[in-house]
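*Asks:* First the structure, then my questions, so here it is.
The values are calculated or read from the model by the stated rules, or taken from the named source; none is laboratory data. None of the values given here were measured: they were computed from a predicted structure. Cβ placement follows ideal geometry from the backbone for every residue including glycine, while neighbour counts extend to all protein chains displayed.
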Amino acid sequence: MKIPIPYNHSPLELIRTRTSVRRFNGEILAGEPRRELEHCCEALKLGPFGGACRFRLVDKRSQDSGHGERVGAYGTIWGARTYLAGAAKESDHALEDFGYLFELLLLKATDLDVSSCWLGGIFSRGRFARAIGLQEGEILPAVSPIGVPTRYRSIYDRVVRWGAGSKHRKPWAELYFDARTGTPLSPDRAGPFATPLEMVRLAPSASNRQPWRCLTDGETIHFYLQRFPGYRSINATDLQRIDMGIAMSHFDLAVEIAEIEGQWRVVDPPSIQRPDAWQKAEYLVSWVRKPRGTAGRGTAGR
Ligand SMILES: Cc1cc2nc3c(=O)[nH]c(=O)nc-3n(C[C@H](O)[C@H](O)[C@H](O)COP(=O)(O)O)c2cc1C
């Protein structure tokens, strides 16, 4: 899918530098960063599966008490006065579509030197639903504080990051598989997809579970969701499907920069052998490289 918003810095750099921040300076986001983010919210309407989403900045009227505000399932956000919230029209892939577009906005925030933190667990859904006028048939999968961090990470933030293992990402060998050789895929065998797959690897995910798995035959990259056992049941929202949308956005940003043309396609079922450890992984979508002289990128279709 063509990325519908502009970035001042290279998105690859933004992906590498974005990090979750949970302690802010207590100020409402204003000025140019606010205007630009609002402008980008307006530009994002449809996800890669064609589902409709909408996004808005929401301000908290008063300073929080200084005792923190419980809006996250496993994190407390301090001092944030502006949040990004969004709604997705219910559809088969609403969560992936939402994850894709919301991540583009959080990377835009990084581009504007503004910090954020995905919040998809238990937060005050009712409050945000009222603030954005949630309609019948819409869901509100996640929100994020948006603002300037305090100078130092709180001890709490450090504990949450340590608990989720936030700095760590799984190695290539665990995430990617080369169907041509029947072995794990290494960056030097990934050809033009080395950087796009590295950008997927660096993506944020709920509790840093990194559920994406990719299989390739060299031209097509098949995306699978490897669920963390028991994770779905502890959340009202299927957060790992949001994670998959985030992974797709990072992939698209990187292939666009590398000028590799192709499109998302749902191939049912992909005739490609998977490693034994992935037998339970759920197929989601494939990114199919464009053969010379045919149509370019579009929404994921059959
Ligand atoms: C879909 C999703 C939901 C998340 N929900 C929460 C949350 O409720 N509370 C929280 O503190 N962090 C949440 N996170 C942030 C992750 O813990 C964080 O992205 C991960 O540990 C990687 O760290 P990083 O963002 O600093 O790279 C969520 C992330 C994603 C992608």
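*Asks:* For region 139-155, which residues satisfy the criterion of being modelled with pLDDT of 95 or more and polar (S, T, N, Q)?
*Replies:* Scanning region 139-155 gives a single hit, SER144.
*Asks:* So which residues in region 166-182 are surrounded by fewer than 17 Cβ atoms within 10 Å (Cβ to Cβ), assigned to a helix (DSSP H, G or I) and not aliphatic (A, V, I, L, M)?
*Replies:* GLU174 - this is the single residue of region 166-182 that is surrounded by fewer than 17 Cβ atoms within 10 Å (Cβ to Cβ), assigned to a helix (DSSP H, G or I) and not aliphatic (A, V, I, L, M).
*Asks:* Given the criteria in contact with a Leu (Cβ under 8 Å, 6 or more places away or on another chain), in a helix (DSSP H, G or I), within 13 Å of the ligand (Cβ to nearest atom) and farther than 19 Å from ILE257 by Cβ, does GLN210 qualify?
*Replies:* no
*Asks:* Scan region 90-100 for residues that are over 24 Å from ARG23 (Cα atoms) and within 13 Å of the ligand (Cβ to nearest atom) and report the count.
*Replies:* Within region 90-100, residues that are over 24 Å from ARG23 (Cα atoms) and within 13 Å of the ligand (Cβ to nearest atom) number 4.
Each row is one residue, and each column tells you yes or no for (1) over 15 Å from VAL288 (Cα atoms); (2) within 16 Å of the ligand (Cβ to nearest atom); (3) surrounded by 15 or more Cβ atoms within 10 Å (Cβ to Cβ).
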| site | (1), (2), (3) |
| --- | --- |
| PRO184 | yes, no, yes |
| PRO204 | yes, yes, yes |
| ARG227 | yes, yes, yes |
| PHE251 | no, yes, yes |
| ALA254 | no, no, yes |
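*Asks:* For ALA236, indicate whether it is within 14 Å of the ligand (Cβ to nearest atom) and either in a strand (DSSP E or B) or at pLDDT below 95 (or both).
*Replies:* Yes: the conditions hold for ALA236.
*Asks:* Could you give every pair whose Cβ atoms fall below 7 Å, whose first residue belongs to region 117-136 and is farther than 18 Å from TYR231 by Cβ and in the same structural domain as ARG18 (by TED's automatic domain parsing), and whose second residue is within 7 Å of the ligand (Cβ to nearest atom) and outside any loop (DSSP other than H, G, I, E, B), counting only separations of at least 6 or pairs across chains?
*Replies:* Pairs that qualify, where the first residue is farther than 18 Å from TYR231 by Cβ and in the same structural domain as ARG18 (by TED's automatic domain parsing) and the partner is within 7 Å of the ligand (Cβ to nearest atom) and outside any loop (DSSP other than H, G, I, E, B), are CYS117/SER20.
*Asks:* Select from region 103-127 the residues that are of a type outside the set (Ser, Thr, Tyr) and farther than 29 Å from MET199 by Cβ and write down the one among them that is nearest to the ligand (Cβ to nearest atom).
*Replies:* ILE122
*Asks:* Among the residues of region 118-138, write down those that are surrounded by 16 or more Cβ atoms within 10 Å (Cβ to Cβ), part of a loop (DSSP other than H, G, I, E, B) and at pLDDT 95 or above.
*Replies:* Within region 118-138, TRP118, LEU134 meet the criteria.
*Asks:* When you check GLY86 against the structure, is it over 15 Å from PRO11 (Cβ atoms) and part of a strand (DSSP E or B), yes or no?
*Replies:* Yes: the conditions hold for GLY86.
*Asks:* Report, by residue number, each residue of region 183-207 that is of a type in the set (A, V, I, L, M, F, W, C) and in a loop (DSSP other than H, G, I, E, B).
*Replies:* LEU185, ALA190, LEU202, ALA203
*Asks:* Please give the number of the condition PRO141 fails out of (1) away from the ligand (no atom under 13 Å from the Cβ); (2) surrounded by 22 or more Cβ atoms within 10 Å (Cβ to Cβ); (3) of a type outside the set (Val, Ile, Thr).
*Replies:* (1)
*Asks:* Tally time: how many residues in region 1-41 are under 19 Å from GLY79 (Cβ atoms) and not in a loop (DSSP other than H, G, I, E, B)?
*Replies:* 7
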